[in-house]
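Structure, as structure tokens:
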Amino acid sequence: MKKNLLLLMLATGLASCIKQEIVPTPTASVSVDGGDYGQFQFSVSGTNIETYNWDFGDGAKATTANPVHTFANNGLHLVTLTAYGRGGNTVVTRSLNVRDVRGNATFWVKTGSSQIEVTIDNTYQATITSVYSGAPSCGSTGTASFPFLTEGTHSFTARQKTANPLSWKGDVLVTGGSCQTMQLSY
């Protein structure tokens, strides 16, 4: 009995001498650069981080430390970084107001002549060179496509390159990240 009690006392004494490792919780701070055409560079600085989980608030995610992300739409986006380490995780959220995502206007024809010159805002020109049986994709070959238009209403004129040309004029409303397709009808 004395022998068992002595062993128990020794085991208890040894257990109390074992040091517990203290694992620090990760720390993180986020910086953001850029913004041209909705593209941003995210950078993280911190300690004790092993993995990264970014949520850009628009459905896109990343797991690299310093990702580049391009937003498709203007507006307020909540960007969240969850930094994981052996000591747990830390969450950093940034509110980002995206303002420079550009839109696209694409003009096309279903019938008739395909040689139609389109001008946007009396500045940008492109020529329709193909006839489509249905609405083409934004920026398709043969359409008059105007990428990187700012948000807002843009005036356009269009004129056939023929002996007796038809002409069109009007406005197209462009919103950030969207593609507006306009059929020029005869």
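Counting helices only, and only those DSSP H runs with n ≥ 4, report the 222 nm mean residue ellipticity of the chain as the sum of -39,500 (n - 2.57) divided by its residues, in deg cm²/dmol to the nearest 500.
That calculation yields -3000 deg cm²/dmol at 222 nm.
Applying the Karplus parametrisation 6.51 cos²θ - 1.76 cosθ + 1.60 with θ = phi - 60° to the phi angles of region 119-125, what ³J(HN,Hα) value in whole Hz is obtained for each residue in order, glycine and proline being reported as x?
10, 10, 6, 6, 10, 9, 10
For region 103-183, state the semi-axes of the equivalent ellipsoid (square roots of 5 times the eigenvalues of the alpha-carbon gyration tensor), sorted largest first and rounded to whole angstrom.
20, 15, 9
Would you pull out the residues with amide H under 5 Å of GLY139's amide H, same chain only if 5 or more places away, H placed 1.01 Å from N?
Those qualifying (amide H under 5 Å, at least 5 residues apart or on another chain) number zero.
Work out from phi, with θ = phi - 60° and the Karplus expression 6.51 cos²θ - 1.76 cosθ + 1.60, the ³J(HN,Hα) of each residue of region 21-27, listed in order in whole Hz, and give x for Gly and Pro.
Coupling constants for region 21-27: 6, 9, 9, x, 6, x, 10 Hz.
Just subtract the alpha-carbon distance of VAL131 and GLU50 from 0.36 nm times their residue separation and send over the number in nm, one decimal. Write down the numbers at each step before the final one.
Numbers: separation 81, 0.36 × 81 = 29.16 nm, distance 5.48 nm.
The VAL131-GLU50 span can extend by a further 23.7 nm.
Read phi for every residue in region 97-107 and hand back ³J(HN,Hα) as whole Hz from Karplus 6.51 cos²θ - 1.76 cosθ + 1.60, θ = phi - 60°, with x for Gly and Pro.
The phi angles translate into 9, 8, 10, 10, 6, 9, x, 9, 10, 10, 10 Hz.
Would any residue of region 46-87 have its amide N under 19 Å from a label point 7 Å out along Cα→Cβ of ASP36? List them or say none.
The answer is 67-74, whose backbone nitrogens lie closer than 19 Å to the label point.
Find how much the distance from ASN89 to ASN164 grows on full extension, using 0.36 nm per residue of separation minus their present alpha carbon separation; answer in nm with one decimal. Don't skip to the end; give the middle numbers.
Details: separation 75, 0.36 × 75 = 27.00 nm, distance 7.06 nm.
Going from the current span to full extension adds 19.9 nm.
At R0 = 25 Å, how high is the FRET efficiency between VAL68 and TYR124 if r is their beta carbon distance? Nearest 0.05 is fine.
Numbers: r = 28 Å, r/R0 = 1.10.
Plugging the Cβ-Cβ distance into 1/(1 + (r/R0)^6) gives 0.35.
Which angle between 0 and 90 degrees, to the nearest 10, do you get for helix 2-17 versus the longest principal axis of the chain when only C-alpha atoms count?
Long axis of 2-17 versus the principal axis of the chain: about 40 degrees.
How do the peptides 19-25, 107-113 rank, highest first, by the average count of neighbouring beta carbon atoms within 10 Å per residue? Walk me through the numbers before you get to the answer.
Numbers: 19-25: 8.1, 107-113: 17.3.
By packing density, highest mean first, the sequence is 107-113, 19-25.
Using modelled amide H (1.01 Å from N, peptide plane; none on Pro or chain starts), what sits under 5 Å from the amide H of GLN39, excluding residues fewer than 5 places away?
For GLN39, whose amide H was placed from the backbone, the distant partners under 5 Å are PHE71.
Read-outs throughout are calculated quantities, based only on the coordinates presented, and are distinct from any laboratory measurement. Small disclaimer: the values here were computed from a predicted structure and weren't measured. Counting neighbours? That spans all protein chains shown, and the Cβs are built from the backbone with ideal geometry, glycine included.
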